[in-house]
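Beneath this line is the structure, given in structure tokens, with notes to follow.
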Amino acid sequence: MADREPPASVPQRFPVPGWVLVSAVLLVLVVISSFGVIYSAHKSRELFRELEQVRRAENEIQIEWRQLLLERSTLSAHARVEAMAGSELQMVPASGELRILVLE
């Protein structure tokens, strides 16, 4: 009785062919690489958004820098400094003569 074959209705176990295992491994690798692509695309968008914010900030700083340079040149103009020295500090332009004060 030990030599009897199982009835036809009972499925027999077959070893998994190599191509099924290779296909399963390839499927897992494709899924992993697709997640990698999704992550890198997301990171790229985040970095691009941050780059645009930095460029906007740089542009605003450049505009402010130009305004400050213009203001500095206006405030340090020779005629303005001379006028303020005369009005606020009661300074007068030096005459051509040289004076030497000797303190004892």
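Have a look at S44, S23, S73 and point out the one that is of a type in the set (S, T, N, Q) and at pLDDT below 90.
That would be S73, the only listed residue that is of a type in the set (S, T, N, Q) and at pLDDT below 90.
To keep it simple, each residue is scored yes or no on (1) in a helix (DSSP H, G or I); (2) aromatic (F, W, Y); (3) surrounded by 10 or more Cβ atoms within 10 Å (Cβ to Cβ).
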| residue | (1), (2), (3) |
| --- | --- |
| L51 | yes, no, yes |
| E64 | yes, no, yes |
| S73 | yes, no, no |
| A85 | yes, no, yes |
| V102 | no, no, no |
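The values are calculated or read from the model by the stated rules, or taken from the named source; none is laboratory data. What you are looking at is a predicted structure, and each value in this text was computed from that prediction instead of being measured. All Cβ positions, glycine included, derive from the backbone under ideal geometry; neighbour counts span all protein chains shown.
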